[in-house]
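Heads up: the structure comes next, in structure tokens.
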Amino acid sequence: MAITSSHYFALLIFSIILLCFGSTSAIDDGPEQPPSLAPIPPLTSPQDLQNQQAFFTNIALLPHILSQLGYNDLATAAPSLSADSSPSAWIGPFTLFAPSDTALRSCISCSVPNLLREHIVPGLFSMDYLRNLAFGTKIETLSPGRCLTITAERSPLGSNETASSKIFISGLEITQPDLFSNGLIIVHGLKQDGSFVSPLSPLSCDIERITSTFNINPDHYRGGGQQRPFSSPSIQPSIITRLMLRDAMLRLRNNGFGILALAMKIKYPELVNLSNMTIFALDDISIFSGSQSYINNIRFHIVPNIYLSFEDLEKLPLGTLLPTLVQDQTLVITTSGIGGLNPAPMRINYVRIKIPEVIKNLKIVIHGVFLPFPHIHPVAAVYDEILGGSGGSGVGGSSSDSSSARVEGTCYPFFGEGACVQVAMPPPTKPTVDIEDHHGL
């Protein structure tokens with residue numbers, strides 16, 4: 001049978017239809033179908049989920065815990081800890097070194113949530129554990145790149161036991177250890193009275209880094225020229241002094257004592273060679289309000305190689321002479337805090353202490369004063385003699401007696417550790433109130 005053109009046309013149409021359906025099927029069955037993959041494992045293990053749940057449970061309880069302990073500002077900032085959702089966020093046990101509300105408010109420009117994170121370290125650090133850390137150990141906080149420095153002060157008896165040693169966290173003493181501990185959180189209370197806090201330096205993990213490889217645990221000695229060995233010969237005392245100087249300068253800048261911080265930076269080569277020091281400071285507002293003379297007399301306000309807390313100052317008798325960095329110029333206790341049911345506030349060169357222990361760390365203690373110290377000359381002593389009464393009832397009774405009193409001063413042993421301050425024998429007939437009434441500074 002002959003094949004006509006109509007048959008060719010029908011076969012052509014049929015072939016086109018087959019090709020279209022075939023290609024569509026091939027496309028539908030092609031690479032659009034996803035390959036078979038293994039199931040994705042969970043991002044966290046059951047143990048991690050359990051730890052995370054325990055962490056956030058304790059974070060939720062932390063505001064209540066802190067408020068019950070009296071740390072209301074930290075309690076307000078505590079919920080911010082749960083806002084960190086970064087993969088590197090710590091979700092394990094932690095230790096909080098808690099500054100008081102007064103200390104937090106001393107830094108007006110500071111963020112309390114940031115300060116909170118800078119006082120929390122991962123892990124559980126009991127007081128016994130802290131006492132056994134190497135001197136100067138640095139521990140990174142929940143703020144990346146910010147480290148707290150752990151230092152210790154042994155008991156003044158020089159005992160080898162660590163049970164009585166004081167622990168300082170970046171210069172602030174732990175006065176209320178182990179306030180709270182539940183196996184996931186430990187809270188230590190830092191010194192409350194007269195303490196100041198400031199943000200940690202971005203270099204706090206790097207400046208003069210002292211790690212456990214140094215293996216040192218030095219005794220802290222208040223005293224003059226006597227140097228006592230550290231437990232490791234590889235560490236020189238100047239390293240500790242440099243660390244404490246930089247700590248003090250940073251905290252001064254953040255607490256309104258920027259001029260003194262700058263002066264300490266300028267005098268750094270001189271200060272770093274001291275074993276310890278006591279500094280009397282004016283804040284920036286006082287200096288710019290009429291006390292500019294302090295700028296040119298800062299060395300007169302530094303007592304070298306003697307560490308005098310406010311409690312120590314109050315124990316000094318009337319007439320005690322304190323050396324300064326200015327050669328042959330001393331400070332004098334013009335009002336003693338000793339004696340009487342209601343002793344008058346102690347004064348140095350007729351100036352009263354404004355803020356005791358503005359800064360206090362292992363090597364440096366800084367007290368705020370109302371005014372720069374005036375220089376006391378022999379003429380002033382004669383004036384005091386006239387004010388004290390006529391005849392022989394003045395300062396020394398006679399010029400020869402006064403001279404004798406100055407020459408026959410005694411060395412006052414400070415805590416029996418070799419440091420001495422000169423005590424000029426005070427005249428028994430000169431009442432302290434006369435000194436205050438006639439020099440009302």
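For K354, list long-range residues whose amide hydrogen, built 1.01 Å from N in the peptide plane, is under 5 Å from its own amide hydrogen.
G368, V369, F370
Which pairs break 27 Å Cα to Cα here: K138/K315; K138/K363; K166/K267; K191/K267; K267/K315? Don't jump to the answer; show the numbers that get you there.
Numbers: K138/K315 35 Å; K138/K363 18 Å; K166/K267 29 Å; K191/K267 29 Å; K267/K315 30 Å.
Pairs exceeding the cut-off: K138/K315; K166/K267; K191/K267; K267/K315.
Which whole-Hz ³J(HN,Hα) couplings does the range 361-366 yield from phi under the Karplus relation 6.51 cos²θ - 1.76 cosθ + 1.60, θ = phi - 60°, glycine and proline marked x?
Whole-Hz 3J(HN,Hα) from phi for the range 361-366: 9, 5, 10, 10, 10, 10.
Hey, can you rank 271-282, 312-323 by average C-beta count inside 10 Å, highest first? Working shown, then result.
On the way: 271-282: 22.2, 312-323: 19.2.
Result, highest mean Cβ count within 10 Å first: 271-282, 312-323.
Let me know the shape class of the range 237-383, please: from the alpha-carbon gyration tensor, a ≥ b ≥ c as square roots of the eigenvalues, rounded when a/c is under 1.5, otherwise prolate if a/b is greater than b/c, or oblate.
Values: a/c = 1.56, a/b = 1.42, b/c = 1.10.
The shape class here is prolate.
Tell me, what ³J(HN,Hα) does each residue in the range 255-266 have, in order and in whole Hz, if you take phi through Karplus 6.51 cos²θ - 1.76 cosθ + 1.60 with θ = phi - 60° and put x for Gly and Pro?
Computed from phi, the couplings for the range 255-266 are 10, x, 10, x, 5, 5, 4, 5, 5, 5, 5, 5 Hz.
FYI, it's all coordinate maths here, none of it is from the lab. Just so you know, these numbers come straight off a predicted model, no measurement behind them. For neighbour counting, all protein chains shown are included, and Cβ atoms are generated from backbone atoms with ideal geometry for every residue, glycine included.
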